[in-house]
1. Using a Gaussian network model of the chain with C-alpha springs under 10 Å, which one of 147, 167, 57 is most mobile by mean-square fluctuation?
2. Only four residue types carry charge here, +1 at the Cβ of Lys and Arg and -1 at the Cβ of Asp and Glu. Report the dipole size of segment 20-256 about the Cα centre in Debye, rounded to the nearest 20.
3. Can you tell which of 48, 38, 58 shows the greatest fluctuation in a Gaussian network model of the chain with Cα springs below 10 Å?
4. For helix 110-122, report the angle its Cα long axis makes with the longest principal axis of the Cα atoms of the chain; keep it between 0 and 90° and round to the nearest 10°.
5. Any chance you could tell me what percent of the C-alpha pair distances in segment 278-326 go past 16 Å?
6. Would you kindly state how much longer the chain becomes between residue 216 and residue 167 on full extension, computed as 0.36 nm times their sequence separation minus their alpha carbon distance, in nm to one decimal?
7. Across 5 Å bins from the origin, how do the percents of Cα pairs in segment 20-256 run, short distances first?
8. Of the candidates 127, 203, 28, which one comes out as most mobile in a Gaussian network treatment of the chain with C-alpha springs shorter than 10 Å?
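Read-outs throughout are calculated quantities, based only on the coordinates presented, and are distinct from any laboratory measurement. The model shown is predicted, which means the values in this text are computed figures rather than measured ones. In this analysis, Cβ positions are derived from the backbone assuming ideal geometry, glycine residues included, and neighbour counts consider all displayed protein chains.
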Amino acid sequence: MCALVNARTAHFTQEFCMKEKMSTRLRGLIHRKDRVLAILHPPTAVHARLMEKAGCEAGFVGTGGVVGAYTGLADVGALSMIECVQIAGWIAQSAGFPIIMDGDTGHGGVMAVRRMIRECIRAGIAGVRIDDQPIEGKRRTQSAGMEVVPIEQAIARYRAAVDMKNELDPDFVVIAQCYARDASNSSLEDCMKRLKAYREEAGVDWVQLESPHSIDEIKMARAAVDGPFSFMKGKLPRYLGFKEHLELGVNIAWYPGFTHHVTWAALWDFMQAFQEKDVGAWDDFIAAREGHPYPIPEVGSDGEGLAKQRELEEKYFSGAALEKYRK
């Protein structure tokens with residue numbers, strides 16, 4: 001019996017190892033040079049399936065944008081690590097592309113950071129972004145009153161994350177998000193110093209500038225650090241396109257919020273029409289979509305859905321119990 005169990009375990013382990021880990025795929029994508037990797041929010045696991053069909057390559061589960069959409073809580077440090085891992089894990093296990101979790105400030109000291117990395121890897125999450133804000137005053141991006149922790153504390157936070165992932169899955173991606181540009185206790189000079197230190201001293205895989213004020217600041221940051229680098233829109237007047245990213249030597253584009261605004265607007269328009277026309281709004285929607293089909297992101301035949309349920313019932317149930325399929 002033990003030999004049989006061991007054989008099955010070995011077969012499962014071999015089969016698992018033959019599949020590309022999402023962390024390995026993400027690591028390959030962030031080092032790709034020939035085209036831009038766009039990072040988008042998958043608002044839910046179902047949205048992730050839809051995005052996969054449309055060619056999405058990687059997703060970011062933000063604390064406010066995604067986890068906050070489930071819980072109704074704002075991105076002010078009120079969400080726990082377990083809530084974030086739970087929701088990001090659901091999406092990671094449904095999506096056919098790598099998922100990065102918003103790790104906020106690490107949810108505590110170095111031991112809490114280590115636990116967060118361990119829980120992320122267990123959940124199938126491919127990477128995590130960690131901020132250099134203080135946990136006590138954590139704010140959402142582009143908020144007033146922003147501060148950063150001392151650089152030594154930030155480096156310790158990132159080193160703890162890097163050491164933990166190296167113990168469990170060296171391909172897991174750790175991102176350092178630097179808020180120093182707009183922090184009340186920092187400066188542009190300090191921001192550039194931090195980006196370089198997070199990459200070189202802490203050993204993170206990827207650094208991100210939270211709030212560039214100009215193209216020149218992006219160029220300055222790009223010149224300061226080697227390896228994967230990205231920037232948020234920050235104080236720029238508009239989002240930069242793929243060609244503009246490549247011209248700056250940046251092959252990762254950070255566009256997480258697009259998916260939310262598109263879905264909010266579509267739902268708002270429908271609800272306004274529904275209040276006016278009731279079921280006529282649905283009839284109008286169906287007529288408008290004629291000739292423009294869209295995929296229904298249900299669990300496919302390769303997942304734990306209806307097809308798998310039917311297959312297992314055929315395997316486990318008696319002929320009498322299966323009569324329901326023949327009526």
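1. 167
2. Once rounded to the nearest 20, the dipole reads 460 debye.
3. Highest fluctuation of the listed residues: 38.
4. 30 degrees
5. Everything past 16 Å amounts to 62 percent.
6. 13.8 nm
7. Calculated P(r), rounded to whole percents: 1, 7, 16, 20, 22, 19, 12, 4, 0.
8. 28
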